[in-house]
Amino acid sequence: MLSSYAITIGTIIVIQAIAVCGLNVIVGFAGQISLGHAAFFGIGAYTSAILTVKAGLSFWTALPIVIAIGGLIGLMLGLPSIRVREDFLAITTIGINFIVEALFRYIPFFGGALGIGGIPRIMLFDIRMKGIPFFFLCLFFLCIVILICWWFTRSWASLAFYAIREEETAASAMGISPVRFKLLAFVMGTSMAALSGSLYAHYMQFINAGDFSFPVSVGFLSMLVLGGIGTIWGPVIGTVILGVLPELFRPLVDYRILFYTLLLLVMIRFQPGGLLGEKSLVKNILSRTFKRC
Amino acid sequence: MVAPILTVNGISKHFGGLKAVENVDFQVFPGEILGILGPNGAGKTVLFNMISGVYRPTEGTIDFRGERIEGLPSHLVARKGIGRTFQIVKPFTSLTVLQNVLVAKGIMKYGHLSRIWGPWGSRKDINEAKEILERVGLIELADRKAGLLPLGNLRRLEIARALVVGHTMLLLDESFSGLRHEEIGRLEALIRDIRDSGRTIILIEHNMRVTMRLCSRIIVLDHGRKIAEGEPKDIQKNELVIEAYLGRKGVLDVP
Ligand SMILES: Nc1ncnc2c1ncn2[C@@H]1O[C@H](COP(=O)(O)OP(=O)(O)OP(=O)(O)O)[C@@H](O)[C@H]1O
Ligand SMILES: [Mg+2]
């Protein structure tokens, strides 16, 4: 019998994996750094919370609006961001995260320091989604997101992204607009984050600005880097490992951010491709072991 | 007389105080090979960069088939059918040679949000890309990573991509430099073949013999200014040109 504790951890992991998949579109596919992904996770959560709590919409009616708003704000913030140099982009996205968090915290409409409570559970076939059914609902959304990413890697768009990442000038000479494609990545990535945020809000039923602070962004990035930037399954693997580890070693929970940051540095230094990416030590060892058997 | 396909009018590019290109005019006619000569730093590549939309001219206009294209971003110039190569080759290194050409084949898709979701690498696209590779002599290396190729092959890959994009006009920036002797003859034949298939070509070259043999007309730049224009035989005798290449006098003696 699965304990409710395990289901909670599992659900959070699946929800986070959706956000990390979105981050992967921005960082992995488009090659843009983003250190403020939690802002869009939060925008999704707050939008869905407000639409359901204050405007009385159902989760399902609100969802398309939430995703559209997430993408739209991604577009608006992406527009000035992608024109700056890479190191500035890192700073800019951190700034976005702090500003969005501050807006949530200090504007009364967003519930101020108290946040928003009483967020309704999702209704599906007249069932209030929680526990295992909700877990599977999240898993269903994760599958859709992964399917989109998988489809994406086989599309002309992904070829264009490859070209932009490697030689922007040459890509332009081939009819590719780097600005538009980077914006496309921002829109895709931030709307996935918004979806994830919405699920989070209806799972927790109570949200607070602190849930979407900068350390959460660092966590997302660590998960992505650990699993493998630019791969299909990397975001999922990374999120699972970083979601489970602190539960196995409880002391880690208090030092989560320190651990994430250290991991990020170590991975970027020694295994930039992540567990599933190119030149992966783990993949090497596994394939060698299997060959020997 | 035939109408020009490209008209460059009083074009200049200044980088701060440096006048990289200064008040240059010329015309290009359909189906010709126009050569651009000039010593190092004369402004040849900057001129290409203005035509292809990498730089916005400080002054002047560029007219391509009746449309003003100066200041237009690169990707829009490319979509008008102007392909170019880069003097410092810019392959997509982690992609294969075939995929490099496929990126160029996507040119009619990248501008439409609805078309970019289709799968790349359909049988038809691959076959067409392979035909291009066949034509430039890279077919054996189709599945090789572009980053692993020697310079000669990379120059041909540049031409392959420009060939896909430039269904009207190609800008070739020193495609011959760094090639071995036997490769030069093959590339010359390829460029003639491209011209014969109805395209217009502008090429920048340092190799005098090649330029004289290939081009119907030549313009010469020096310190950003056009100092001569004419048929190869006139250019060879031009006093200003000889002076610009002073110290390298012998290079102008073509057998
Ligand atoms: N982006 C830039 N910023 C500043 N100066 C530049 C820039 N690009 C080119 N230049 C300068 O403009 C001048 C012309 O350069 P260009 O590359 O066009 O020469 P070129 O004729 O192609 O020479 P080469 O035969 O060596 O390729 C040079 O002095 C160069 O240093
Ligand atoms: Mg040059």
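Observations, loosely collected:
- Buried surface between chains A and B: roughly 2500 Å² of accessible area, summed over both sides, computed with a 1.4 Å probe on protein heavy atoms only.
- Contour minus Cα-Cα distance for A:LEU72 and A:TRP151 (0.36 nm per residue): 26.2 nm
- DSSP bridge orientation in the protein assembly as shown - percent antiparallel, rounded to nearest 5: 60
- Solvent-accessible surface (1.4 angstrom probe) belonging to A:VAL179, in square angstrom, nearest 10: 50
- Value of relative contact order over chain B, rounded to a whole percent, pairs C-alpha under 8 Å and six or more apart: 26
- Among the protein heavy atoms, those of A:MET192 account for about 20 Å² of accessible surface (1.4 Å probe, every chain in place).
- Dividing the helix sum by the residues of chain B, where each DSSP H run of 4 or more adds -39500 (n - 2.57), gives a mean residue ellipticity at 222 nm of -10000 deg cm²/dmol.
- Global form of chain A, assessed from the alpha-carbon gyration tensor, a/c cut-off 1.5: oblate
- Computed from phi, the 3J(HN,Hα) profile of the range A:228-236 under the Karplus parametrisation 6.51, -1.76, 1.60 (θ = phi - 60°) reads x, 5, x, 9, 7, 8, x, x, 5 Hz, with x in place of Gly and Pro.
- Long-range amide H partners of B:LEU203 with built H, under 5 Å: B:LEU34, B:GLY35, B:ILE36, B:LEU172
- Summarising the amide proton neighbourhood of A:SER177: residues at separation of 5 or more, or on other chains, whose placed amide H is nearer than 5 Å comprise an empty set.
- Gain on full stretching of the segment that runs from B:LYS233 to B:SER177 - 0.36 nm per residue minus C-alpha separation: 17.9 nm
- Choice from B:LEU154, B:LEU190, B:LEU113 showing the highest fluctuation, given a GNM over chain B with Cα pairs closer than 10 Å: B:LEU113
- The mean sequence separation of alpha-carbon pairs under 8 Å and at least six residues apart, normalised by the residue count of chain A, gives a relative contact order of 33 percent.
- Max mean-square fluctuation residue, GNM over chain A, Cα-Cα springs under 10 Å, options A:GLY70, A:GLY111, A:GLY219: A:GLY111
- Under 14 Å, Cβ to Cβ, from B:ILE139 - net charge with Lys/Arg +1 and Asp/Glu -1: 0
- Estimated from the Cβ-Cβ distance and a Förster radius of 51 angstrom, the FRET efficiency linking B:ARG186 and A:CYS143 is about 0.45.
- Drop in accessible area of at least 30 Å² in the complex versus isolated chain, residues of the range B:120-142, 1.4 Å probe: B:TRP120
- According to the Kirkwood relation over distinct C-alpha pairs, the hydrodynamic radius of chain B is 18.9 Å.
- Placing dummy labels 7 Å off each Cα toward the beta-carbon, the span from A:THR261 to B:ASP63 is 6.2 nm.
- Within-14-Å neighbourhood charge of B:VAL46 [Cβ basis; K, R +1; D, E -1]: +1
- Per-residue mean of C-beta atoms belonging to partner chains within 10 Å, peptide B:78-90: 3
- Accessible surface of the range B:105-255 [probe 1.4 Å, protein heavy atoms]: carbon and sulfur percent: 51
- Helix-only mean residue ellipticity at 222 nm for chain A, each DSSP H run of n ≥ 4 adding -39500 (n - 2.57), per residue, nearest 500: -23500 deg cm²/dmol
- Karplus 3J(HN,Hα) series, Hz, for the range A:15-20 with 6.51 cos²θ - 1.76 cosθ + 1.60 (x for Gly, Pro): 4, 5, 4, 5, 5, 5
- Comparing mean-square fluctuations of B:ARG123, B:ARG217, B:ARG65 from a GNM of chain B with C-alpha springs under 10 Å, the top value falls on B:ARG123.
- The aspartates and glutamates whose alpha-carbon is closer than 15 Å to the alpha-carbon of B:LYS109, local same-chain residues fewer than 8 away aside, are B:ASP125.
- Sequence-distant residues sharing a close amide H with B:ARG225 (under 5 Å, placed H): B:GLU22
- Pairwise label distance in nanometres, A:SER58 with A:THR8, each label 7 Å out on the Cα-Cβ vector: 2.9
- Considering only chain B, percent of DSSP beta bridges that pair antiparallel, nearest 5: 55
- Each residue, B:LEU240 and B:SER197, gets one label point 7 Å from its Cα in the Cβ direction; the gap between the two is 3.6 nm.
- Karplus 3J(HN,Hα) series, Hz, for the range A:68-75 with 6.51 cos²θ - 1.76 cosθ + 1.60 (x for Gly, Pro): 5, 5, x, x, 5, 5, x, 5
- Over 35 Å [Cα-Cα, the protein assembly as shown], rounded percent: 47
The values are calculated or read from the model by the stated rules, or taken from the named source; none is laboratory data. Because the structure is predicted, anything quoted here is derived from the model rather than measured. Glycine also receives a Cβ, built like all others from the backbone with ideal geometry; neighbour counts cover every protein chain displayed. For the accessible areas, the whole protein counts, side chains as well, though only heavy atoms, and no ligand, DNA or RNA atoms are used. Shrake-Rupley method; radii C 1.70, N 1.55, O 1.52, S 1.80 Å.
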